[in-house]
Each structure stands twice: as structure tokens, then as C-alpha cells.
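Asker: For reference, the structure I am asking about is given below.
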Amino acid sequence: MKNFYQDGPQLSNTFRSDEALQKILKSLLPADAQKVALPHLEHLGERAVTDMLTWAQEAESQPPVHVPFDPWGRRIDDIKTSHGWKALEKVAAEEGIVATAYDRRFGAASRVYQMALLYLYSPSSAIFSCPLAMTDGAARALELYADADLKARVLPHLLSRDPKTFWTAGQWMTERTGGSDVSGTSTDAHPFTGTSEFGATHSLHGTKWFTSATTSQMALTLARPDGAAPGSRGLSLFFLELRNDKGELNHIQIHRLKDKLGTKALPTAELSLQGTPARMIGGVGEGVKRIASVLNITRIYNSICAVGHIRRALDLAQDYSGKRQAFGKLLKDHPLHKSTLDSLEADFRKCIAFSFFVANLLGQEEVGEASASEKILLRVLTPILKLYTAKKSIHISSEVVEMFGGAGYVEDTGIPRLLRDAQVFSIWEGTTNVLSLDMLRAFEKDQAGQILEQFLVLNEAGSEELVRLQKLLTLSGEQKEQHAREIAFLIGNAVARIAMKKYSL
Ligand code: UCC
Ligand code: FAD
């Protein structure tokens, strides 16, 4: 065939084409919520393949740049981001990607509606969904633990739908000594002696090794107050604002931006706190416990974004399979190509059902409608959901790269980015192993392990899986630790199937 040129994949409205999402929302949203949410989601599904997509491509091709000094040698630590990245932030505010969860107009269903917005927003956001995750997590932690004056100062910004007043938040936990294990945190908190607009109680000194969304207006971080115990039980949670009213950094020095495998549009910096004013939230030694409410939100964001990512990868692969020919017929007409796609679609349905099942539990908890056992389910299923969807997204992204053949390995098709970006889902916000161990620790509290087992039995989880799981749960010590991943994936598969049944997927 002379002059043959392959057509590339095309996307269409990502809400209209997503049957699974529509089914889930019809099951979870009451009629009044559907009336508002469905047209909004259809509108966002259109933006996801039009203006947002253009801005995301722009943001990816013009990654952020750190400018340490002004022309005269003054330290400024500016981080320049592209027009596309800024435009995606504006979309987030306008579309209420965070705010929708907190107006609680539809009670628990507001969270489900918000997660559906996020799911459509994320794959066309160049990972602006990362700053949004930390913004939402910060809003929840402040809502739960901050004093009224701090809430009144900050929450209207985090929950704003006006791009001019909207703030994002960072979450600075990781230091050079560890991200999984924060017990070696060496950031000190001394009593603050100056004046501060937000009621600073301490000044912080230390280095943070990974800080994503470094252009955010505020951050929550961990530090050790003078005299507090060593280890993680001596850490406290602190709120800080990055810049003062003149726009200068508040005694923060940015060392450099990380050169990362993926998430290229997202600024992730190393920085040091050099006497940064900060306000303690909660008591001395309560840091990990308090920041856990941020983690539990960001882990659900990670899951929803991983599933959005899977959907995007599969949409591209599905479309391409109807355009590419090999051995005399379209890829989609080859039984083996089709069955490969079908099995990935089945994995997608598991992931989306599981994710919205947990998002719904979160919504119920937030409005005080979750029963004691639902709260426990939310606690134990959150790390499992995060690790499960992250691993599926890496596997599916890899398969989709392969489904494009050589084109999948060529940068300007945009396909390699799918694999690079997926890899982060299983690292940040807790690696697979760390979350599996967190799950085991959570089982020990409030009879959570038994409550989960009862839930699986009541919902007729597959009997073979259940027998294996029950056997593994009787292990103890190192043996149980060694099997923590297997336990997590057995539960993940079982709950995903239960949720699929619930939503008739
Ligand atoms: O990576 C980061 C940001 C990336 C960008 C965000 C993107 C989001 C998605 C966007 C998608 C596009 S920020 C850094 C994230 N770092 C982590 O996730 C840390 C991972 N490590 C862990 O999770 C560990 O398990 C630790 C740090 C929590 C373990 O520390 P400890 O000191 O050993 O803590 P314990 O003993 O496990 O927990 C201390 C207390 C306990 O309560 P009490 O005192 O009552 O016994 C725990 O039950 O905190 C409680 N706790 C929790 N409670 C610990 N974890 C939780 C939890 N998840 N929920 C409720
Ligand atoms: P380590 O803790 O050294 O882990 C190394 C390996 O050891 C992992 O495979 C882990 O699973 C395994 N491991 C650790 N403990 C155990 C155990 N007990 N049993 C079995 N295996 C174990 N952090 C922030 O605080 N804020 C941010 O904004 C932020 N942004 C990030 C952005 C990107 C793009 C990336 C990649 C990371 C970011 N991080 C951020 C850091 C991230 O949260 C950490 O990298 C992550 O938590 C892992 O910590 P670590 O890098 O120290 O790895």
C-alpha cells in the first residue's frame, strides 16, 4: 500500500462513552442529585476531550522550571508553570472538583458526585489532580481538627469555585530519611516569637525531600516540637502558608525540582524550612494520627485517578483497534486482540466498582451517616483500594502501550506517558507493601479484621478465595507480614466483585 498513513486514536465525550460510570451513578445518586450531577458530568466529559486536553498537552510539553535567583542575584525561588497548567487549575476551581464534596448539598452523595467529576477531570489534567488531592485532604483535616479562626481563614480558599481566590495545598511528609517510615523526621519546631497573620505557634527548621505542588499557597507538614519524643510518636502536624503578603517565600528555600520518570507537568521540589512560621494543629505527638485523615482522602483520590487513567488508556486502545489493520483485518476483529482487551475491560469494571463503593462509604462517614462497621470498612478498604487500583493501572497501561505496537513506544503519540504516569500511583501516598502492612495493623483495631470477614461472608464472596483468606488471616508475626500483599489482593478482588454485583456491572 503506497502512501499509507495510519489514523491515530480519537476520544469522544468521556462521560457519554462510559457506561460503567453511568450505571454506578444511577445506583448511588438519588434522583435530585442525578438531575444536577449528570448534565454537569456530561459537560465535563466534553471539556476533557476539548479545551482541557489541549491544556494538558501544553502542560506536559512545557514542564515547570525553577528560577532560583532574579537577574541581580536575589534569591527568589520562583517556579514557572505553563499557561496550560494554570488553565487546568482554573478549570478545577470553576468545575468545583474539590468544592462539590464539601457543599454537601446531596448529603453523602455529594462525595460520589465529586469523585465522578475528579474521575473525568484527572486523565485530561496533566496530573493537576495531585494538587487537588492534597487540597481536599487538607480541607478535611482542617475541618476536623483546626480552630475556628484557622478554618475561617483557609477553608473558603480551598473550597472556592472562583479561580481568583482558589488555593491548593501541599502535604510535606517525606524527608531524606524516609517516606514510608517518617519516624526519622528531623524537622524541628521551636516556639514562634514573631507576629503572624495565621496564628503561627512554631518556627520550623528542616528539609523536605519530596514536595509536590510546590506552587501551592499552603501546606500541612510534620515536625518535632522541642522536647518531644523521638520516633513517629513525637511528631506533630503543622499548617503553614508558603508566601507572605508581599508574595515572598516564608523562610523557605527551594533547592531544585525533581527530574522524574513521569508526572512531568507537576512541580515536585526539594526544599528547606529555615525558620518558617507554622501553626500546630492537634497536640504534641499527634502528627501521624492527624495527617492520616489527609492520607485517607488522597489515597481515595489516587484510586479514582488511577481508574480514570485506566479508562483513558482503554478508550484509546479500543478506538485504535477499530482503525489499525493487521493480517487483513482490523485489530478488533482478531479474537486474541479482542479477548485481551475484554480482560482489561473486566479489570477496569472491578476497579471502578470498588472505587465508587469506597467513595460512597467516605461520603457516608463525612455526613455522619456511616454505621460503626461501615467506618471500619472504610478504614481497612482504603489502603487496599489504593494499592489494588494502582497495580491494575500499571499493568493495564503497559498492555495498552503494547496494543499500539511500536507507536506505543514513540513519544509524540502520547501513549508512553500512560505508562510513565501510572507508575507513580503505586509509590506516592504509600507503596504497595506499606499499605498492605497498614491494612494488617488496622485489622487489629476495633475487631476490624472480623468485621471485614463478616462483610465478605454476608456478601457471598467467592468461597475458594475466602478459604484461602481465612487461612492467611490465622498466620501471625513474620509469616503474616510475608503474605500481606496476597491478603490485600484477595480482599481487593472479593470486594471488587461484590461492588460489581451491586452496581450490575
Ligand atoms: O506522597 C505524597 C504526596 C503525593 C502527591 C499526592 C497525590 C495524590 C493522588 C493524586 C492522583 C493523581 S505525601 C506522602 C505520603 N506518605 C505516605 O503515605 C506515608 C506512608 N507510610 C505510612 O502510611 C505508614 O503506615 C505511617 C507513616 C502512617 C506509619 O507510621 P507509624 O508511626 O508507624 O504509625 P502507626 O503506628 O501505624 O500509626 C500511628 C497512629 C495509630 O493510631 P493510635 O495512636 O490510635 O494507635 C494509627 O492507627 O495513626 C493511626 N493511623 C491511621 N489512622 C495510621 N495510619 C492511619 C490511617 N491511614 N487512617 C487512620
Ligand atoms: P522507602 O520508604 O525507602 O521505600 C523503599 C521500598 O521499601 C518500597 O518498595 C517500600 O514498599 C519498601 N518498604 C518500606 N518499608 C517496608 C516494610 N516495612 N516492609 C516491606 N517493604 C517496605 N512525599 C511527600 O511527603 N509529599 C509530596 O508531595 C510527595 N510527592 C511525591 C511526588 C512523586 C512524583 C513521588 C515519586 C514521590 C512523592 N513523595 C511525596 C514521596 C513519596 O510519598 C515516597 O516516595 C513514598 O512514600 C515512599 O517513600 P521512600 O521514597 O522513602 O521509599
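Asker: Between PHE69 and SER398, what FRET efficiency follows from the Cβ-Cβ distance if R0 is 51 Å, with the result rounded to 0.05?
Answerer: With R0 = 51 Å, the Cβ-Cβ based efficiency is 0.75.
Asker: Let me ask another. List the lysines whose Cα lies under 22 Å from the Cα of LYS445, skipping any in the same chain that are fewer than 8 positions away.
Answerer: Result set, ordered by chain and number: LYS289, LYS375, LYS386, LYS471, LYS480.
Asker: Give me the tail of P(r) for segment 169-284 as a percent: Cα-Cα pairs with distance above 22 Å.
Answerer: 28
Asker: What nm value, rounded to one decimal, do you get for the distance between PHE198 and LEU144 when each label is placed 7 Å out toward the C-beta?
Answerer: 1.9
Asker: Let me ask another. To make sure I understand the rule: partners must be aspartates and glutamates, Cα under 13 Å from the Cα of LYS90, and not fewer than 8 residues away in the same chain. Which ones qualify?
Answerer: ASP51, ASP162
Asker: For the chain, what is the percent of antiparallel DSSP beta bridges, rounded to the nearest 5?
Answerer: Of those bridges, close to 85 percent are antiparallel.
Asker: With 10 angstrom as the radius, rank MET280, MET439 by how many other C-beta atoms surround their C-beta, starting from the fewest.
Answerer: MET280, MET439
Asker: On to the next question. Any lysines with Cα under 18 Å of the LYS23 Cα? List them, leaving off those in the same chain fewer than 8 positions away.
Answerer: LYS35, LYS350, LYS501, LYS502
Asker: Could you work out how far apart the two model spin labels at THR207 and GLU374 are, taking each label as a point 7 Å from the Cα in the direction of the beta carbon, and quote it in nm?
Answerer: About 4.7 nm separates the two model spin labels.
Asker: Among the trypsin sites (Lys or Arg not before Pro) within segment 443-505, which fall in a DSSP loop and have no more than 15 other Cβ atoms within 10 Å of their own Cβ?
Answerer: LYS445
Asker: Which whole DSSP H helices in the chain pass both tests: a Cα extent of 30 Å or more along the axis and a mean Kyte-Doolittle value no lower than 0.0?
Answerer: Correct list, ordered by number: 287-321, 335-366, 372-403.
Asker: Once you list every other residue whose beta carbon is under 10 Å from the beta carbon of LEU469, what net charge do they have if Lys and Arg are +1 and Asp and Glu are -1?
Answerer: -2
Read the figures in this text as sums done on the coordinates, not as results from a lab. Values in this document were obtained by computation on a predicted structure and should not be read as measured data. A quick note on method: Cβ atoms are made from the backbone with ideal geometry, for glycine too, and the neighbour counts reach across all protein chains shown.
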